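Below you'll find the structure, written out as C-alpha cells, and then a few comments.
Throughout, read-outs are computed from the coordinates displayed, never taken from laboratory work. Keep in mind the model is a prediction, meaning the values are calculated, not measured. Here the Cβ positions follow ideal geometry from the backbone for every residue, glycine too, while neighbour counts run over all protein chains shown.
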Amino acid sequence: MAVVLKKCRPYLQRAEELSAHEPVIAHYCRLYAMEILIRARQGGEVSPDIQALLLAELEKAETARKALDLSAGQETVESFALRVFDAADVADRTAEDGSDRAPVVPQFYVAGLFLEICAQFYEGELPPDLAEKAKYARFRVVQIREGIRNGTSSAPADPDASRVASDAAPGPQAPAMAAMLRPVAAASPHHGGAASGYCTAAGASPVAAGGVMQPQMPHAIKAESKKQAEFASSALDFGDVATARRCLLEALRLIDGRVK
C-alpha cells in the first residue's frame, strides 16, 4: 500500500466512525484526508488507487457539503478535538500505571488526529496552543506504550506539562535530529521521489566515494524513520530523555538496516 494511503487512512476511519452521530466532524476528517491525497498527487505520487480513493472521497464530501450546515465548522471541530484531548488527559491523570493506563493510548491517539485536522483552518499549520496539545498527545502515546512494554512508570508530569512545548522550536523535529535524518536530495517536499541518501551533516554529496550512488530508501522506511524522529523530538520537549533516545536509535536502526 502506498505511504500516502496509509497516512490518510486514520482520518478516513474517523470519518466513517463519526458519520452517523458527528457528521460535521466526519466531513472535516474526510477533507483533511483529501488534502493529504491532493498534496501527494501534486508532488508526483500518482497511482490508480490514489486516484480512485480521491474521487470516491470527493463525491462523499460534496454530498455532505450540500446536506450539512458548515457555518460554524471550525468552532465545532476545534471544540470537539479539545474535548477529546481533555477526556484523554483526565483519564491519564486518574489511571494507575500498567494495564490501567493502556486504554488511554487510543484516546490520546485519536485526540492527536482530531487536533491535526484543525490545521485545515489555519492554512495547514496549527496555532501554538493546538500544536502543543497535538504534540503532547503524540508524546504520551509513545511514553505510555514504552512504560507498558518495559514495565516502568509512565505517569504524566505536572498538569502544565503540555505547556513546556511552547518554549521549544515550532517544528516537529529538534534541529539536531532533523540534521541527522535530513534527506540529502529529495525530488519533492512531499512524495515526489525518494531521497538519494542520508547524512549527518548538510552539504554532503549524495554520491558515495568512487561515484557509486547510495541505495534509495523506500517510502515506508523513510516515513517510519521520520515518525520515530518526531517522537524523539516530542519526548525531548517534555524532558523524557530515555524515550527520546530509544526513538532516535530506532530511527537510525531503520536507516542503517537499509543502507548496510
Cβ density ranking, 10 Å radius, fewest first, applied to V3, V77 yields V3, V77
Taking the highest mean first, how do the peptides 44-53, 81-90 order by number of other beta carbon atoms within 10 angstrom per residue? 81-90, 44-53
For I38, the net charge from surrounding residues (Cβ-Cβ under 11 Å; K, R +1; D, E -1) works out to -1
Residue-span extension gain [A155 to A72] - 0.36 nm each, minus C-alpha spacing: 26.2 nm
Compute the length gained on full extension between R65 and A20: take 0.36 nm times their separation in residues and subtract their Cα-Cα distance, giving the result in nm to one decimal. 14.7 nm
Considering the convex hull of the alpha carbon atoms of segment 3-67, report its projected area averaged over all viewing directions, in nm², one decimal. 4.0 nm²
Given the Cα-Cα distance of S47 and D86 and 0.36 nm per residue of separation, how much length would full extension add, in nm? 10.1 nm
In what sequence do H21, H27 fall when counting other Cβ within 10 Å, fewest first? H21, H27
Looking at the calculated P(r) for segment 73-151, what percent of the C-alpha pair distances fall above 19 Å? 34 percent
Work through the residues other than F85 whose Cβ is under 12 Å from its Cβ and net out their charges, Lys, Arg +1 and Asp, Glu -1. -2
